[in-house]
1. Within the stretch 539-553, restricting attention to residues that are free of Cβ contacts under 8 Å to residues at least 40 places away in the same chain and assigned to a helix (DSSP H, G or I), which residue is surrounded by the fewest Cβ atoms within 10 Å (Cβ to Cβ)?
2. Does the stretch 588-602 contain at least one residue that is open to solvent by less than 80 Å² (accessible area, probe 1.4 Å), part of a helix (DSSP H, G or I) and modelled with pLDDT of 90 or more?
3. Only one of G311, G307, G317 is touching a Ser or Thr at 6+ places or on another chain (Cβ under 9 Å) and under 19 Å from L344 (Cα atoms); which?
4. Here's a check for you: in the stretch 327-346, which residue that is in a loop (DSSP other than H, G, I, E, B) and either of a type in the set (A, V, I, L, M) or open to solvent by 50 Å² or more (accessible area, probe 1.4 Å) (or both) is nearest to V316 (Cα to Cα)?
5. When you go through R100, R58 one by one, which is the residue that is touching a strand residue (DSSP E or B) at 6+ places or on another chain (Cβ under 7 Å) and modelled with pLDDT under 85?
6. Out of (1) part of a helix (DSSP H, G or I); (2) within 35 Å of the chain's Cα centre (by Cα); (3) in contact (Cβ under 8 Å) with a residue 40 or more places away in the chain, what's the single condition that is false for L202?
7. If we keep just the residues of the stretch 124-138 that are surrounded by 15 or more Cβ atoms within 10 Å (Cβ to Cβ) and among the β-branched types (V, I, T), which is farthest from S180 (Cα to Cα)?
8. Between R566, R523, R575, R558, which is open to solvent by 40 Å² or more (accessible area, probe 1.4 Å), under 30 Å from Q678 (Cβ atoms) and either under 37 Å from the mean Cα position of the chain (by Cα) or among the β-branched types (V, I, T) (or both)?
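The values are calculated or read from the model by the stated rules, or taken from the named source; none is laboratory data. All values derive from a computational prediction rather than experimental measurement. Cβ sites come from the backbone with ideal geometry, for glycine too, and all protein chains shown count toward neighbours. Remember, those area values only see protein heavy atoms, side chains included, never the ligands or the DNA or RNA. Shrake-Rupley method; radii C 1.70, N 1.55, O 1.52, S 1.80 Å.
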Amino acid sequence: MAWRDSRSSRRRLLVFSGSVVLGIAALVAVGSFGRNLENAIDEEARTLLGADLELTSRQEFTVEEGAFIESRGGEQSREISFSSMIQFPGSGGTRLVQVRSLSGGFPYYGEIETDPADAVGAFRRGEGVLVEESLLIQYGADVGDEIRIGELRTRVAGRLKKVPGETVLFATLAPRVFMSMDRLAETELLRDRSLARFKAYLRFDPAVEMGELMGSIRGELRRLGLRADTVEERQREMGRAMEHLYNFLNLIAMVALLLGGVGVASAVHVHVKQKLNTVAVLRCLGCGVGQTFAIYLIQSMALGALGAAAGACLGVGIQSLLPVIAADLVPFEVPNRIFPGTMLRGVGIGFAVCVLFSLLPLLSVRRIAPLAALRANYEEGTAARRDPAVGFLYLVMAGCVLWFATESTRHWWQGVWFTVGLGVAFALLTGAARLLVLAARWVVRPSLPYVWRQGLANLHRPNNRTVLVLFSVGLGAFLLLMLYLVQHTLVAQLVRPGGEYRGNAVLFEVQPDQRGEVIELVRAQGVEILDEAAVVTMRLSSVKGRSVEELLGSREHRGPRWVLRREYRSTYNDRLRSGEKLVAGTWHERVEPDTEVVPVSLERGIAEDLRVELGDELVFDVQGVPVKTRVASLREVDWRRVQPNFFVVFPRGVLEPAPGFHVLVMRVESPQQSAAMQRAVVNRFPNVSAIDLTLILETMDAVLGKIAFVVRFMALFTVGTGLMVLTAAILAGRFQRIRECVLLRTLGATRGQLRTILMVEYACLGLLASLVAVLLALGAGWALAAFLFEMDFRPPVWPLGVAIVTVTVITVVTGWCASRGILNHPPLEVLRAEA
């Protein structure tokens, strides 16, 4: 009976099944991508580190540390990395890069990919350097060209294309230059006071159990202050990072599927409403409630099965695109394997969503009485009564969404907040649609033009599609706008233009004996110096009378452990900077050089992490000299200001004799002025490095753009689903529209008037959907900026206006395309059907 009854509706039902296709395809594609990622991380685990063990220090390895590393045995390599300027004499270009000098055979797992392929051997022999391929393209350089790093002049041995364990995004932020350790001294850059990172890479025999090894040396590593990284730890870190990406994409796919479920519910509602007479006749002929309900449940299940099958096939195709789209985010090649279990999971979830949403309108079938076949409109009053089963079904659906959300997030509370946020978005969109229906009743006045009265009346007349259209359009637009606002906030808040912190270029590692000449040289280029600070490196020795080693070895310190291990780059000053605010204690401008306990100012956040308060004692190791300090004040620091910011600030009179360097903050008016200033400084002082913050901002924007592209690609599934639901909703009411248009034509309305009526209706729907989407995106963007990123939220105005216009136009165009042919039906055809 289900098969026979569907004969007149099969084509329409097939169209409606498309509502869930994209959502299921997204689930299948993301699920397979996640499994492939997991397998790739397992298979490429060793290449993520390039060695079995990595030991890192901020200072050059001491004799004791070197002896400890050598005693571990195995095959070993050394690396010294630091930031410096590279010069291209051919083009005159300069750029801050990460110089990495290597000795030994690192990487032991994976290979450094270069062009030409034999360039790795040349750089290891000291016959040139490897330069990031994007950097060579930017400055028009090629293999064989001369470059300068510090005092070293050498040639480009090859283009650096890929390094094991590092992504393209890393290279975008910090272009790399690889050189042999044998050539490092020629640069004359690595001084005792330089900011460098020292690493040792070790490869052991496969029989060595790394867990046991790390357990035996962990105490010694802590005592020496060496940071250790193993393949297993790097694998866990990469797994966590990729898990966040996978979970986020999975949630977006689920939103698309839920939106598709709404479309299916609408389709089944229309289908059942057209079958009311059939149901009533079946009841008159003795068909039970359960049998009647089963007929249409089978049809709905078939609808879901077809959509699930089509979605699975489409998902397999999309699966092959995700590794390509996310290539810049992953430091290895992700395979493209098909996992039947993952496909079945996506199909199962999609099918379940389809059936659950279908049950909502199907429940009304149980309440249709046989009398409905004999007396018109009898069922309307009956169906209007509340059905307890509907409330129970809503609870089941909410529970399923909550289960999926908690399964797809790292912490259960994140899943709860996602479910609550999704419920709020659904409720606001539905509430806005119902308000539009009420407003349409109130707005329609006899004074309005005829076509406007008819178009607005269509929003509240029986069989209107207002709620579904606004819901489908608004949800897709909301997701895309939210992603855009988050990206804009992250980039725009990195540096605030104008005002008192309008610096956009920084010179650092200016040695004390170079400071005066550098300042004169910069001013000679017409560049304004806005701020400067001395920087002195130091480490914590003890906190409140307990040594750092003791605190690290105990569990009493509940704050993050990095605050105890880190190297502090502190300064001395007699005033607060413009981005600093004193929140507690007393500020000390100057003390005598022989002061036994120096009063210092701590940034409030670092004080909380160290678990110290006003009056607590800290001892710093200032490059071998212990300095006792007392927390005299706490500051609040705006870290986004382009100015030197510090965790620890000493008063003047103590640190001046300590080895250190200076940082200068400047304002350049153009890229040309910035390039000229950098060339002049670097040519005379090769050890000085420059940062062009406008270039950094462009780079950050590009990085965030690549990440956002992956997310937007998945968000497009929601947008596509919304358009399909919109189209299906319009097609569902097509017969009603044909009937109305024919009756209006019979009463004398022209085709032009009918077109305008349709345009007014869809324009109102699109306009309100876009307005609600903008409000939701603003609310979500503010919440993310305030609570997740802790940034000020200042959304752009004109892009939101463009979004409102664009969404409205898309809604009108989609509505018009789906309504084509309505005006072509002859009036006599419908009038005969009415008769």
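1. Restricting to residues being free of Cβ contacts under 8 Å to residues at least 40 places away in the same chain and assigned to a helix (DSSP H, G or I), the top hit is E550.
2. no
3. G307
4. For the stretch 327-346, the residue satisfying everything is I338.
5. It is R58.
6. Of the numbered conditions (1) part of a helix (DSSP H, G or I); (2) within 35 Å of the chain's Cα centre (by Cα); (3) in contact (Cβ under 8 Å) with a residue 40 or more places away in the chain, the odd one out for L202 is (1).
7. Applying the filter and picking the extreme gives V131.
8. R566
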